[in-house]
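The values are calculated or read from the model by the stated rules, or taken from the named source; none is laboratory data. Note that the structure is predicted; figures quoted are calculated from it, not measured. Cβ placement follows ideal geometry from the backbone for every residue including glycine, while neighbour counts extend to all protein chains displayed.
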Amino acid sequence: MKLKTAAIFSSNMVLQNGIKVPVWGLARPGDTVTVEFAGQNKTAVAKKDGKWSVLLNPLAVSPKPATMIICSVLEKKKLTLANVLVGEVWVCSGQSNMEWTVENSKNSGEEISAANYPNIRLFTVFQTADLNPKPDIVGAWECCSPKTKTVAGFSAVAYFFGREIHRKTGIPVGLINSSWGGSYAEAWASRDALAADPFYRKVLADYQEEIKSPGGTAKMKEWATQYDFKDTKNKGLAKGWHKPDANTEKWKKMELPQTWQNAGHEYSGIFWFRREVDIPRDWQGKDLQLSLGPTDKSDITYFNGVKIGSLTMEDRKDAWCVPRIYTVPGKLVKAGTNVIAVRVFSNIYAGGFIGTSTQMKLAPAGLDDDAQSIPLAGIWDYELEANFGLIPLAPPPGRGQGNPNSPHILFDNMLSPLIPYALRGAIWYQGESNASNAKQYRKLFPIMIKSWRKAWNQGNFPFLFVQLANFGQFIKDPAESPWAELREAQTMTLSLPNTGMAVTIDIGEFNDIHPRNKQDVGLRLALPALAKIHGFKKLAYSGPIYKSMGIEKRQIHIAFHNVEGGLVVHGAKLEGFSIAGKDKKFVWADARIEGDCVIVSSPSVQTPVAVRYAWADNPSCNLYNSSDLPASPFRTDDWPGITQ
């Protein structure tokens with residue numbers, strides 16, 4: 001067994017300051033391993049299984065690159081880990097809105113070009129959901145640099161969070177992105193923590209029966225038959241749809257980028273998209289760079305009838321959100337009319353072009369000047385190759401091998417190998433997948449957080465999370481809302497010590513579950529870290545949070561925490577408040593600010609008993625504090641909702 005460290009230890013890493021720092025790995029059994037760093041020299045003997053570990057004394061913050069040297073006696077081998085900084089480390093986890101990359105976010109070109117932060121270090125955990133998890137992960141630390149564009153494919157929320165911490169404090173920041181789109185919170189909790197709860201003990205028992213029984217295998221096969229359509233033979237290619245002279249008179253028009261579901265095609269399948277582009281004479285014969293943004297899920301892209309690139313979910317599990325950037329060989333480039341054709345396959349949920357308009361462009365290879373590129377957003381021709389049916393909300397497959405929504409499977413595969421790497425805290429963006437069972441999330445989310453803290457054994461380290469953003473159609477009248485109930489469950493979790501929440505009820509997008517404004521999400525997550533950890537005592541870190549209510553005649557007075565200099569309204573009048581009497585029928589209410597309270601009433605409710613604010617999947621709401629942080633949605637009642 002050769003000397004090695006766990007994968008989380010590599011050149012360019014950041015080590016946590018102020019606490020003891022474990023370092024571990026493998027070596028020949030009985031071998032003596034020495035770790036030298038920052039004037040310390042620690043020794044351990046590898047056990048029978050080859051595992052060794054040492055514990056460095058607390059380190060001081062140091063932005064100056066240092067070297068860690070690890071040596072073995074028997075093997076006489078030396079490992080050198082260079083460019084190591086001491087600062088603070090954050091684990092960044094959740095589902096697709098945490099996985100969502102910088103290059104898919106607002107102003108991505110400018111953000112990537114400006115990402116010159118050599119003291120911000122990035123580590124991405126490879127997505128794995130194995131019933132027999134490996135003891136280690138795959139990955140390595142990278143320096144944040146616009147030259148290498150390392151930040152482009154990194155979690156946007158994590159990067160913008162870390163950037164704000166680094167800007168304000170000057171401390172080196174290490175960000176570990178361990179996330180998986182569509183994942184449930186159950187998958188990120190430890191098995192022991194789930195087993196300690198009666199409800200989840202039954203869930204685990206059912207799960208074990210499911211993966212062991214022939215019925216579980218049959219369920220997987222049934223799911224695959226009904227929903228997991230595989231890519232078919234390329235029928236469009238056989239019809240010549242990739243060729244410049246293809247007959248497209250009967251093809252329809254679609255504006256891109258967008259999903260074809262948003263364009264009215266409520267099914268999964270295979271679509272072809274084509275567009276003519278006029279190439280200037282001085283580009284003829286030169287290599288070009290074709291940028292399309294991400295195409296959900298797989299694509300095959302052609303230029304003048306020749307395939308120039310392809311990316312599938314078999315190539316990368318996150319292919320659905322990876323921007324397509326392909327080189328067009330100069331021999332294919334001619335002056336005048338050229339044809340781009342893209343075949344897009346999606347077997348479940350959304351499909352199509354899900355990037356931004358600025359990502360879609362054509363330019364000479366190596367040209368960074370967008371002013372000289374040809375924009376490709378706009379009207380494209382399209383034709384349907386295959387219709388898989390109405391399955392945008394197909395149920396998940398049977399749990400087990402490869403399914404990231406199996407209980408504790410992501411904790412086992414994507415968190416456990418990181419433990420006990422010393423860290424400052426964790427940030428979390430998840431909940432969309434659990435919105436159908438918000439009441440249970442009230443229990444599940446704290447279970448998960450406690451399981452992380454117990455596993456790391458660093459006490460109640462900071463755990464900061466994002467409340468679900470607004471999403472979906474506006475409603476005409478007050479109604480129940482699963483997303484509002486999930487936000488309520490998230491707010492309740494603030495009762496755990498050392499937690500913080502970023503409210504994003506004002507920066508979502510009604511037609512996209514992945515809002516592009518990740519900058520403000522990262523900023524709002526950073527505020528409690530700066531205020532509570534780094535001594536920015538005067539910094540407001542939260543918008544108004546419901547505190548209490550009082551009934552006076554026909555009005556309800558609502559008091560708030562975190563008023564921070566006063567309540568303000570964005571707009572002509574307060575919106576988003578509803579009120580109800582004992583009949584439990586809510587109507588839109590009149591609301592006004594008086595001091596640090598909001599007074600709510602309605603002429604149609606003579607004896608009010610309850611108030612709700614921003615209680616919808618996508619509410620119209622505009623209450624803030626003077627620090628321009630939005631109020632969190634809330635309700636004063638505890639009446640049964642729709643996810644009970």
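If you go through segment 232-264 and keep only what is of a type outside the set (Gly, Ala, Ser), in a loop (DSSP other than H, G, I, E, B) and either more than 12 Å from GLU383 (Cα to Cα) or modelled with pLDDT under 90 (or both), you end up with THR232, LYS233, ASN234, LYS243, PRO244, ASP245, PRO257, GLN258, GLN261, ASN262.
Which one of LEU539, LEU530, LEU525 is over 24 Å from the mean Cα position of the chain (by Cα) and within 30 Å of VAL173 (Cα to Cα)?
Just a single option satisfies the conditions, and that option is LEU539.
Hydrophobic (A, V, I, L, M, F, W, C), modelled with pLDDT of 95 or more and not in a loop (DSSP other than H, G, I, E, B): does that describe LEU204? In short, no. When segment 98-128 is examined, which residues are found to be in a helix (DSSP H, G or I) and either over 25 Å from VAL138 (Cα atoms) or free of Cβ contacts under 8 Å to residues at least 40 places away in the same chain (or both)? Those that are in a helix (DSSP H, G or I) and either over 25 Å from VAL138 (Cα atoms) or free of Cβ contacts under 8 Å to residues at least 40 places away in the same chain (or both): SER108, GLY109, GLU110, GLU111, SER113. In segment 432-448, the residues that are without any contact (Cβ under 8 Å) to a residue 60 or more places away in the chain and of a type in the set (D, E, K, R) reach residues that are surrounded by 18 or more Cβ atoms within 10 Å (Cβ to Cβ) and part of a helix (DSSP H, G or I) with C-beta atoms within less than 6 angstrom, at least six apart or across chains, in these pairs: ARG442/ALA489. Here ALA502 fulfils each of the conditions (1) out of contact with any Phe, Trp or Tyr (no Cβ under 7 Å at 6 or more places or on another chain); (2) crowded, with 23+ Cβ neighbours inside 10 Å; (3) touching a residue at least 60 places away in the same chain (Cβ under 8 Å) apart from (3). Considering only residues in segment 438-465 that are small (Gly, Ala, Ser) and surrounded by fewer than 23 Cβ atoms within 10 Å (Cβ to Cβ), the one that is farthest from ILE642 (Cα to Cα) turns out to be GLY459. Listed by first and then second residue, the pairs with beta-carbon distance under 7 Å, at least 6 apart or on different chains, first residue in segment 346-358 and assigned by TED's automatic domain parsing to the domain that holds MET254 and under 16 Å from GLU266 (Cβ atoms), second among the acidic types (Asp, Glu) and modelled with pLDDT under 80, are ASN347/ASP228.
From the residues in segment 633-644 that are assigned to a loop (DSSP other than H, G, I, E, B), of a type outside the set (D, E, K, R) and surrounded by fewer than 22 Cβ atoms within 10 Å (Cβ to Cβ), which one is nearest to the chain's Cα centre (by Cα)? Among residues in segment 633-644 that are assigned to a loop (DSSP other than H, G, I, E, B), of a type outside the set (D, E, K, R) and surrounded by fewer than 22 Cβ atoms within 10 Å (Cβ to Cβ), the one nearest to the chain's Cα centre (by Cα) is THR643. Selection of segment 436-473 for residues being modelled with pLDDT of 95 or more, over 18 Å from GLU488 (Cβ atoms) and assigned to a loop (DSSP other than H, G, I, E, B) yields ASN457, GLN458, GLY459, ASN460, PHE461, PRO462.
Within segment 547-579, which residues are exposed (fewer than 15 other Cβ atoms within 10 Å of the Cβ), out of contact with any strand residue (DSSP E or B) (no Cβ under 7 Å at 6 or more places or on another chain) and on the phi < 0 side of the Ramachandran plot? Selection gives ILE551, GLU552, ALA572, LYS573. For HIS534, the stated conditions do not hold, so it cannot be described as in a strand (DSSP E or B), modelled with pLDDT of 95 or more and surrounded by 15 or more Cβ atoms within 10 Å (Cβ to Cβ). Which condition number does TYR159 fail, the rest of (1) within 30 Å of GLY366 (Cβ to Cβ); (2) at pLDDT 95 or above; (3) surrounded by fewer than 24 Cβ atoms within 10 Å (Cβ to Cβ) being met? Evaluating TYR159 over (1) within 30 Å of GLY366 (Cβ to Cβ); (2) at pLDDT 95 or above; (3) surrounded by fewer than 24 Cβ atoms within 10 Å (Cβ to Cβ) leaves (3) as the failure. For segment 453-464, which residues satisfy the criterion of being within 23 Å of ILE409 (Cβ to Cβ) and touching a residue at least 60 places away in the same chain (Cβ under 8 Å)? Result: LYS454, ALA455.
Only one entry in ASP520, ASP506, ASP512 is of a type in the set (Asp, Glu) and under 18 Å from ILE545 (Cα atoms), namely ASP506.
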